Each structure stands twice: as structure tokens, then as C-alpha cells.
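Working notes, structure below.
The values are calculated or read from the model by the stated rules, or taken from the named source; none is laboratory data. Just so it is clear, the model here is predicted, and its values are computed rather than measured. Note that we place each Cβ from the backbone using ideal geometry, even for glycine, and neighbour counts take in every protein chain shown.
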Amino acid sequence: MVTLGVLISGRGSNLQAILRAIADGRLSARVAVVVSNIEGAPGLAHASAAGVPTVVISHRGWPSREEYDAHLVGVLRAHHVELVCLAGFMRRLTPVLIDAFPHRVLNVHPSLLPAFPGVDAQRQALEHGVRVAGCTVHLVTPTIDAGPIVLQACVPVTDDDTVDTLAARILEEEHRVYPEAIRLVSEGLGRVEGRRWISTGRTAPLSDADGRG
Ligand code: GAR
């Protein structure tokens, strides 16, 4: 069973989807800690309701991003976290955190990357006029929204969509694929080759999942 640390900044619906997948037995994992950079983020209440410890580490007042990330690494390690899941965590991570968990930081993003990275992905998609949108779960690298893609799911864009209706349709898919991607990575059912995640279907211990073992 993999030990997860989930990082949030807001609503926490993806956190809830992860907790649901664990409760349903679709994901063999334990959320050891939920960290938010925002005091009072609604997702913190979901964590507490599920009996998961929460920690708030405001991003304000740190001399550098690196020092913030080093503190975050300390908190995650103190909770024995093996896999870090960004779930609406609106902070760019530095190599200090990414290198502390090699190929073990996942993010969910509400677009079909590499299209529409960064903020307001659903608005970007709508304004661009795409007919298909979706979400991506990827491993995190220092370049924002650019790491190896583990899973994607697409949804149609309709002529009468607003940012809200499109975001809601995408979010349903996020909730479906994020726990599944966590399962694939934590069970070692693939490995990283260059910038690609190659699905092997072969179970390897967590420490071997990136092909180094
Ligand atoms: C989700 O749509 C997630 O994909 C997005 O923030 C939302 C968080 O919702 N993340 C990003 O845009 C990261 N670049 P949630 O707090 O309800 O899970």
C-alpha cells in the first residue's frame, strides 16, 4: 500500500476522489497528510472529515521558493510520504521538492497537455475554439505542466459551453482518471523513458517503477 501526500490550494474535489477510490478499494493507498498553502482551503475540511491529518504552510513570507519547498519536503518525509499528489495545488515546484521524490510527484491538469498549460486552462480551451478538451495526469518536472503523461481523458466541447460547464465536464474525468493514474504509478505498472511514460503492465516495486531498478 502506497503512502500518499496530497497538496491542495482550494476546493479539494480531486482529493475527495482519491479518498473515495481508497474507500472503494479501487486504490490501495493511504493518504498520510494533506498540505495546503492556503489557510481555510475548503479541501482541508474534506481531509479532516476522513480523519487525515492536515498541515497549512502558507507560501507567504519565505525568502525563496526553494526554502518553502525544503520545508514542504520535511513535512512530507515526517509523514513517510512515498508519492506526492498535486490536487489543485497552485504553486510552481522547484527541483528541491521534485528531486526529493524522483518520478514520484503527480499532477492533474484540466487540459489535454501540451495544449493550454498554466492557469485558466478551460477558458484558454474555450477561447481557442477547440472541439475536444480534457484532462491530463502527468509526472511533475521543473517545467510547468510538461512532464511525462500517465493518463489523459477527453470530453466534447459544445457550442453553448461556458467556462463553468466545460470545467465541470472535465472535472468528472479528472476524478475518474487521477486515482487510476496514482494506481498505475504506485503499482509500478510503467516506467519513464525520456519524456514518455511507458505502460508496461508489469508490476514492479515502487522503487523500480522508473526503470532504474
Ligand atoms: C482542478 O480542475 C485541477 O485540474 C486544477 O485545479 C482544479 C482543482 O480542483 N489544477 C490546475 O489547474 C493545475 N494547473 P479541486 O481543488 O476541486 O481538486
Original post:
Only one of these conditions is not met by V177: (1) at pLDDT 95 or above; (2) not in a helix (DSSP H, G or I). Which number is it?
Top reply: (2)
Original post:
Can you spot a residue in the range 99-107 that is within 16 Å of the ligand (Cβ to nearest atom), under 30 Å from A133 (Cβ atoms) and part of a loop (DSSP other than H, G, I, E, B)?
Top reply: no
**OP:** Look at the range 140-171 and say how many of its residues are of a type outside the set (A, V, I, L, M) and either outside any loop (DSSP other than H, G, I, E, B) or over 18 Å from the mean Cα position of the chain (by Cα) (or both).
**Re:** 11
Subject >> Those residues of the range 108-139 which are within 19 Å of I18 (Cβ to Cβ) and either part of a loop (DSSP other than H, G, I, E, B) or of a type in the set (A, V, I, L, M, F, W, C) (or both), in sequence order >> reply: V108, P110, C135, V137, L139
**OP:** Looking only at the range 110-125, count how many residues are away from the ligand (no atom under 11 Å from the Cβ) and either touching a strand residue (DSSP E or B) at 6+ places or on another chain (Cβ under 8 Å) or modelled with pLDDT under 95 (or both).
**Re:** 2
Original post:
In the range 1-46, what residues are within 12 Å of the ligand (Cβ to nearest atom), among the β-branched types (V, I, T) and assigned to a helix (DSSP H, G or I)?
Top reply: I18
Original post:
In this structure, is D145 within 12 Å of the ligand (Cβ to nearest atom) and out of contact with any helix residue (DSSP H, G or I) (no Cβ under 6 Å at 6 or more places or on another chain)?
Top reply: yes
**OP:** Any chance you could count how many residues in the range 130-154 are within 17 Å of D120 (Cβ to Cβ) and touching a strand residue (DSSP E or B) at 6+ places or on another chain (Cβ under 7 Å)?
**Re:** 5
**OP:** Just give me the residues in the range 78-92 being within 16 Å of the ligand (Cβ to nearest atom) and either surrounded by fewer than 24 Cβ atoms within 10 Å (Cβ to Cβ) or among the aromatic types (F, W, Y) (or both), in sequence order.
**Re:** L86, G88, F89, M90, R91, R92
Original post:
Are any residues in the range 162-195 surrounded by 15 or more Cβ atoms within 10 Å (Cβ to Cβ), without any contact (Cβ under 8 Å) to a residue 40 or more places away in the chain and out of contact with any strand residue (DSSP E or B) (no Cβ under 9 Å at 6 or more places or on another chain), and if so, which ones?
Top reply: G188
Subject >> Test result for E67, modelled with pLDDT of 95 or more, more than 15 Å from the ligand (Cβ to nearest atom) and farther than 29 Å from M1 by Cβ >> reply: yes
